[in-house]
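K.L.:
Okay, handing you the structure first.
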Amino acid sequence: ETGLWLRPLYYSATRETGWDPILREARAVRQNVGICDVSTLGKIDIQGRDAGIFLDRLYTNTFSTLAVGKARYGLMLREDGMVFDDGTTSRLTETRYLMTTTTAKAAEVLAHMEFLHQTVWPELDVRYCTVTDQWAQMSVAGPKTRLALQGCVEGLDLSNEAFPFMGVSEATIAGCPVRALRITYMGELGWELHLPVEYAPRVYEALVAAGAPLGLVDAGYRCIESTRLEKGYRAWGSDIGPDHTPEIGRAHV
């Protein structure tokens, strides 16, 4: 159980038991490439002249300086300074951002934003709404990720020079519009793909077909936790939560 969702702990087509399927998936992500459905992550569309200022006040770090076409990790705190949530926010235009939240905190983050805007900063010109159900989201990671994506992505140069870390760009997969984010979720090398939910099956099938010769596997929740810990990222809810300050969370890494 993750928030209002049920997420698969692992995938297995055989009679694997215990940690066997989890370790198999993790090894595949480390050595080849894995794909994970992260559509359950909260997604909030934020627009307005003061959208950047609003985000600066919500997070411990700055978003008003973020360039268009780039993403940035953010750490959100409660009023008492304890960790509330974390996620990435992308700047799509000068006045529009797309925020992602953890699965479990999606509704709470939106309520937190509404409370602060209505009672603390009502003068800010900003509007926002949840688009979690409208956008599917997939994470593709592993050293062979670029090769897998090159087999199905159209209209996008995936080289480091053309598409650097934390970059955001539009592309097409199987004739479907996709927003690609050069973000590491499960590990390196990694991308996140955002797309209208109705295109999710077609895009997923194209990714699987392109990645199958490279050893692509579906990655479950336990695999995600393992690979994230290996690269030094604390998983909210599993390793860090509302009883941690940012300093304690950093020291634990």
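The values are calculated or read from the model by the stated rules, or taken from the named source; none is laboratory data. Since the model is a prediction, treat every value here as computed from it, not as a measurement. Note that we place each Cβ from the backbone using ideal geometry, even for glycine, and neighbour counts take in every protein chain shown. We work out accessible area using only protein heavy atoms, side chains counted, and drop any ligands, DNA or RNA first. Shrake-Rupley method; radii C 1.70, N 1.55, O 1.52, S 1.80 Å.
Residue-by-condition table, conditions (1) of a type in the set (Ser, Thr, Tyr); (2) touching a residue at least 24 places away in the same chain (Cβ under 8 Å):
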residue: 130; (1), (2): yes, yes
residue: 133; (1), (2): no, yes
residue: 140; (1), (2): no, yes
residue: 144; (1), (2): no, yes
residue: 154; (1), (2): no, no
residue: 162; (1), (2): no, no
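K.L.:
Conditions first: (1) open to solvent by 40 Å² or more (accessible area, probe 1.4 Å); (2) in contact (Cβ under 8 Å) with a residue 12 or more places away in the chain; (3) of a type in the set (S, T, N, Q). Residue 17 passes all but one, so which condition is the exception?
P.N.:
Looking at each condition in turn, residue 17 falls short on (2).
Yes/no per residue for (1) farther than 19 Å from residue 130 by Cα; (2) in contact with a Cys (Cβ under 8 Å, 6 or more places away or on another chain); (3) not hydrophobic (A, V, I, L, M, F, W, C):
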site	(1), (2), (3)
28	yes, no, no
76	no, no, no
80	yes, no, yes
87	no, no, yes
107	no, no, no
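K.L.:
Right, something else. If only one of 125, 56 is of a type in the set (D, E, K, R), at pLDDT 95 or above and in contact with a Gly (Cβ under 8 Å, 6 or more places away or on another chain), which one is it?
P.N.:
Every option except 125 fails the conditions.
K.L.:
Now a separate question. Go through 45, 86, 80 for me and flag whichever is assigned to a loop (DSSP other than H, G, I, E, B) and either open to solvent by 50 Å² or more (accessible area, probe 1.4 Å) or touching a residue at least 60 places away in the same chain (Cβ under 8 Å) (or both).
P.N.:
80
K.L.:
Quick check on residue 214: is it open to solvent by less than 30 Å² (accessible area, probe 1.4 Å), among the aliphatic types (A, V, I, L, M) and at pLDDT 95 or above?
P.N.:
no
K.L.:
Output the number of residues of region 59-77 satisfying the condition of being in contact with a strand residue (DSSP E or B) (Cβ under 8 Å, 6 or more places away or on another chain) and either free of Cβ contacts under 8 Å to residues at least 12 places away in the same chain or not in a loop (DSSP other than H, G, I, E, B) (or both).
P.N.:
Count: 9.
K.L.:
Related question: Does at least one position in region 23-34 carry a residue that is part of a loop (DSSP other than H, G, I, E, B), of a type in the set (S, T, N, Q) and at pLDDT 90 or above?
P.N.:
Yes, the conditions are met somewhere in region 23-34.
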